[in-house]
Amino acid sequence: MIKRYSFLNHPFYFVLANANQMVAGIDKVVAVYYNQTQKQLEVLEYTDKLDSLTFDDDYINDLRKAKEKYNWINQSQVPFETSKVDFGQLTFDDEKNNSVLELRFKNKYDNRYDVLYLYFKSNIGNFKLSSIDEAMAVAVKEVIQRLLHQQIELIIKDNDLNSEIHEKISASFNHVDLQLEIDRVKKEKFNQSKAIYSYILNKLIHKEAFEMVLSNNAIEKLLHLNVSLESVEQILLDSIEVVVNKHRFFDFFEITAEDIFINSAVERKTTTSIKQEQLLKTVQFLDKYESAAKLLISKNEKITGLNIGAYCSPEVSPAAISDVLKKHSKKIIVLLNAHPEKWLTIRKQFKPLRNIYEKQAQSYHGLMGA
């Protein structure tokens, strides 16, 4: 038999399977509850095996609205024995004939009550209910209902606690696995870069009488520059020249991050490259909106946010377009000024974009007039 955590199922599964060990004299148990995992209502019966019972959803929903913690009822009043049930507490005179204990527990997921029906054997010999006076029988039943309700409530709470702990443990494992994967990728990227940079370095000094290697922090610095290999080669050449002329005589030298020399030309090129990369996404948005606008003109339709979004692929909402224009407004102005020949359709006919450009122009003229 495959063993599983008990909290993977609703707590009533455990009660159904172990009812006879929890209290003697049980004939069968019926459970009515909402299964959060399956997102559905379930009704199960357990005698010597677990069976699923058919039920009416509306009837069960009404049944689960009642709030009484416990109640002794007759078998004929159990919902699955007859079509009509009285959910209220029965009179004192009726108690002696009732051998089914109805217990209710609030379900934290849908805020209604899950219900257990415990069928005690007719003589309930273990509690001697059939051979004592009615007053004593009622008193003993009250003890039984309170003890069982408390016992099952503890099982439910323990089940919830174990489930919460397990979720935290699972999440921690996921975080560990994710971090391990991130570290593996970083290490792989570092090793690849180290091999490439070392090859470039050796190519630059292969005719020299000395040897050079790159320290790990030098490789990290080159990686963080995020420049082309052509730029890396220029940086290493400049760095070698500085080291050779600074230290003059050596047979072996380890280039550290402090030895990496970046001249102004490479620095300008790097900065420009990063800015161009940042503008690329804005260019893509403008190209997409321009294509949609041209298509709208060909179909003689108005150039609005709603229509442009409908002709984008994939389709986007007007709110999403407004959000893009707001977040990219400064970059849009830079691009429109840098490329006066581009995006002519939306520049002139798409009002939200035209407003951005005109607002910038008005601000500029205002400054000039001041």
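The values are calculated or read from the model by the stated rules, or taken from the named source; none is laboratory data. What you see is a predicted model; the values in this text were computed from it and never measured. With ideal geometry, Cβ positions are generated from the backbone for all residues, glycine too; neighbour counts draw on all protein chains shown. Just so you know, the surface numbers come from the protein's heavy atoms only, side chains and all, with ligands and any DNA or RNA stripped out. Shrake-Rupley method; radii C 1.70, N 1.55, O 1.52, S 1.80 Å.
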Under the 0.36 nm per residue contour assumption, what length would be gained going from the current alpha-carbon distance of Phe252 and Ala319 to full extension?
18.0 nm
What is the extension gain from Ile297 to Val78, computed as 0.36 nm multiplied by their sequence separation minus the C-alpha to C-alpha distance, in nm to one decimal?
71.8 nm
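If Lys327, Lys157, Lys342 are ordered by their accessible area, calculated over protein heavy atoms with a 1.4 Å probe, which sequence runs from highest to lowest?
Numbers: Lys327 150, Lys157 130, Lys342 70 Å².
The ranking, largest first, comes out as Lys327, Lys157, Lys342.
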Just to verify a number: FRET efficiency for Asp238 and Asn191, C-beta to C-beta distance, R0 = 25 Å, to 0.05?
0.50
So which lysines can Lys189 reach, going by Cα to Cα under 19 Å and dropping same-chain residues fewer than 8 places off?
Lys221
Would you tell me the accessible area of Leu118, worked out with a 1.4 angstrom probe on the heavy atoms of the protein chains, in Å² to the nearest 10?
10 Å²
For Glu42, what charge total do you get from the other residues with a beta carbon under 12 Å from its beta carbon, if Lys and Arg give +1 and Asp and Glu give -1?
-2
Give me the lysines in straight-line cross-link reach of Lys65: C-alpha distance below 19 Å, same-chain residues under 8 apart excluded.
Lys39, Lys84, Lys106, Lys108
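Within the set of other residues whose C-beta is less than 12 Å from the C-beta of Leu286, count the net charge using Lys and Arg as +1 and Asp and Glu as -1. Intermediate values should be presented prior to the final figure.
Details: positive: Lys281, Lys288, Lys331, Lys342, Arg347; negative: Asp287, Glu290.
With Lys, Arg at +1 and Asp, Glu at -1, the neighbours total +3.
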Under 15 Å from the Cβ of Phe105, count the other residues' Cβ atoms, weight Lys and Arg +1, Asp and Glu -1, and hand me the total.
+2
I'd like the Karplus ³J(HN,Hα) series for the stretch 310-326: coefficients 6.51, -1.76, 1.60, θ = phi - 60°, whole numbers in Hz, and an x wherever there's a Gly or Pro.
5, 9, 7, 10, x, 5, 10, 8, x, 5, 5, 5, 4, 5, 4, 4, 5
Taking the alpha-carbon set of the stretch 175-270, what are its Rg and Dmax in Å?
14.9, 50
The long-range amide H neighbours of Met212, using H built 1.01 Å from N in the peptide plane and a cut-off of under 5 Å, are Phe253
All lysines inside 19 Å of Lys348 as judged from Cα atoms, apart from same-chain residues fewer than 8 positions distant
Lys288, Lys294, Lys299, Lys302, Lys326, Lys330, Lys331, Lys359
Pull up all non-local amide H partners of Trp72: gap of 5 or more, or a different chain, and H-to-H distance under 5 Å with H placed in the peptide plane.
Leu90, Glu102
